[in-house]
């Protein structure tokens, strides 16, 4: 891999790697992540979701009916969040797409990237070559983690931007009625949309860190991905069981939908703050666990 | 395959920090454990520390506190209210509760997109909900129910009342009749159910029933939503009542009730717990009470809705104020104050009418309730008692229903007396 050349050994004398070198490690890690076909395919699938939603809503409402009426009398068959507003304002496709991808597609993509981060290198036998370079395990782990976080942000932005673009193409844009019933200007709405995308990206930090931790536990990239994605599903199932309400506030997906609170007027911060705090907690606990594991691990491959 | 073992390379500093002995390896795991432990301790201790130390306030008698509440003229406020109700309604198979019977039936019967406020009351009957309230005098109020990625808002501004359900993108609108200048009319205009969800309204209703069957005392101080408050403790003296106690936290500054907790005599969790989690007595921002129906939203005018009720007679519309009053005309109240028992004669609309509404469903529900109620016998004949944590209901076999916040014996006694 290209990193091996970047960090050629010049002198055997003990030294601290230069800051620029550190940046090079991060840069090359990012480049490797985003140049992979797998990553691009994942981003492509994510981009397809808002487009499909937009087309489906457009077709369904082309006869003049609303989304709600199509659902067989509404009532029990709950339409996903924000769907009813898409036909009136294209920007709601952005919110609907984020609400639709956040429970499954986004964490699944993160799980693949995060699970593969360390275990994939180990499985391919390249991890020890990475460690031959005098980068230090901590720094390598940080570089890997940064790449995963960058993917969280890029994946969210891909969904948001395609959502907005599709919405603008298929539906009218204009002043936005927030879910509290207050109307704000389109510019204000865009700012809120940016905030929503940022909150969604940060909501994924928890699962990303857990994925990196799991990735340090095994030498099989597939096992790490499957475990991470399985964990996402398990946590969400647990979150729906009312008898387990005592543990709900500590499950990482519990506050995921709180990004919608940015669309209230005034903004309802309680759950947003709880969400970010929880993601930070997961990042701290599993980040330090990944560090403990990775720096103490026997690298066999 | 050669193993690269960090522990064995120790000469050239090549492995730098990655050269842990077995002990330091184990020590590294102390970090995540410490982080998790610290977080757990913070989560456990901070609320405990924050809530300890009730504020030091001058002593006050119960009478003074009540008159302070009565004199309170708080007209402007905004804040968040958390309402938790646990009526202990028996669960139906499939996880639905009795309250869902009414709400659910309404949802199916009605045209799902209507945003009429009537149906929303049912949602508040069980579980925990967060509301945001804002008020600016009697002319302008706003109540929003915070839902997952959606919100139900009820906005009263002058002559107009709007309800907006963001999930269905549906709007309900009613205008006060022209010429009704009196403020009381406006107040009535705001649908009662949702206006009554603030601690003030709960407290008002309880204070109205304070008489010699009631023990009222001031029980220390507390902090609610960051404000110092006195706790008013109200206890029914009667043995028959299932109400254990009512606690009202009253703002020490301006006498506004901030918290209302109703505990059943059987102990356990409160039946009703309404409290401000945040409160601000300043004037709410001007735009709070403005509402323009969004483009494309389905708007239901009140007159349409009422007409629909007459024609359709489906379960949800049966919840209309007017119809409810008609149903209640067959209602007699036996006993006084805390021990009062409501008697509903069958046919006109039994107890399930409060839940269901149309005759067929009521009969079904009655038979169904009989299935899991406890059978009792007395001079009145026989019947079934359905118990919740607060309210007990006696359904006699000849179609009468006795409901009250009293225990089974008192219900049977009331039924005997009515015989």
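Mind checking the angle between helix A:37-60 and chain A's longest principal axis? C-alpha axes, 0 to 90 degrees, to the nearest 10. Result, in degrees: 0. From its DSSP helices (H runs of at least four residues, each -39,500 (n - 2.57)), chain A gives a residue-normalised ellipticity at 222 nm of -22500 deg cm²/dmol.
Summary of packing: across the peptides A:229-235, A:112-118, B:160-166, A:251-257, the per-residue average of other C-beta atoms within 10 Å ranks them, highest first, as A:112-118, B:160-166, A:251-257, A:229-235. Per-residue shielding of A:287-298, expressed as the average number of other chain Cβ atoms within 10 Å of the residue Cβ, stands at 6. Springs between Cα atoms under 10 Å define the GNM used for chain A, and in it the highest mean-square fluctuation of A:147, A:97, A:223 occurs at A:223. Taking a point 7 Å from the Cα of residue B:157 along the Cα-to-Cβ direction, the residues of the range B:280-301 with backbone N closer than 14 Å to it are B:284-294.
Taking every residue in A:261-269 and counting other chain Cβ atoms within 10 Å of its Cβ, the average works out to 4.
With contacts taken as Cα pairs under 8 Å at a separation of at least 6 residues, the range B:240-305 carries a relative contact order of 21 percent.
Classified by the C-alpha gyration tensor, the range B:255-304 has an oblate form. Its axis ratio a/c, with a ≥ b ≥ c, is 1.5 or above, and a/b does not exceed b/c. A Förster radius of 35 Å combined with the Cβ-Cβ distance from residue A:234 to residue A:27 puts the calculated FRET efficiency at roughly 0.50.
With angles folded into 0 to 90 degrees, how steeply does helix A:205-217 sit against the dominant principal axis of chain A? Use alpha carbons for both and round to 10. With rounding to tens, the tilt is 30 degrees.
Peptides B:240-249, B:62-71 ranked from most to least packed by the mean count of surrounding Cβ atoms within 10 Å: B:240-249, B:62-71. For the listed peptides A:25-35, A:177-187, a ranking on the average number of other beta carbons within 10 Å per residue, highest first, reads A:177-187, A:25-35. Counting partner chain Cβ atoms within 10 Å of every residue's Cβ in B:142-148, what's the average? Neighbouring Cβ atoms belonging to other protein chains average 4 per residue here. Taking other C-beta atoms within 10 Å as the exposure proxy, B:129, A:245 rank A:245, B:129 from fewest upward.
What angle, in degrees between 0 and 90 and rounded to the nearest 10, separates the Cα long axis of helix A:19-35 from the longest principal axis of the Cα atoms of chain A? Between the helix axis and the principal axis of chain A, the angle is about 50 degrees.
Taking all Cα pairs closer than 8 Å and separated by 6 or more residues, the relative contact order of chain A comes to 24 percent. Of A:189, A:54, A:221, the residue with the greatest mean-square motion in the GNM of chain A, using alpha carbon springs below 10 Å, is A:189. In the elastic network of chain A, a GNM with C-alpha springs shorter than 10 Å, the most mobile of A:102, A:244, A:93 is A:244.
Each reported figure results from applying straightforward, stated rules to the coordinates on display, with no laboratory input. Bear in mind that the values here come from a model prediction, so they are computed numbers and not experimental data. Virtual Cβ from ideal backbone geometry, glycine too; neighbours counted across all protein chains shown.
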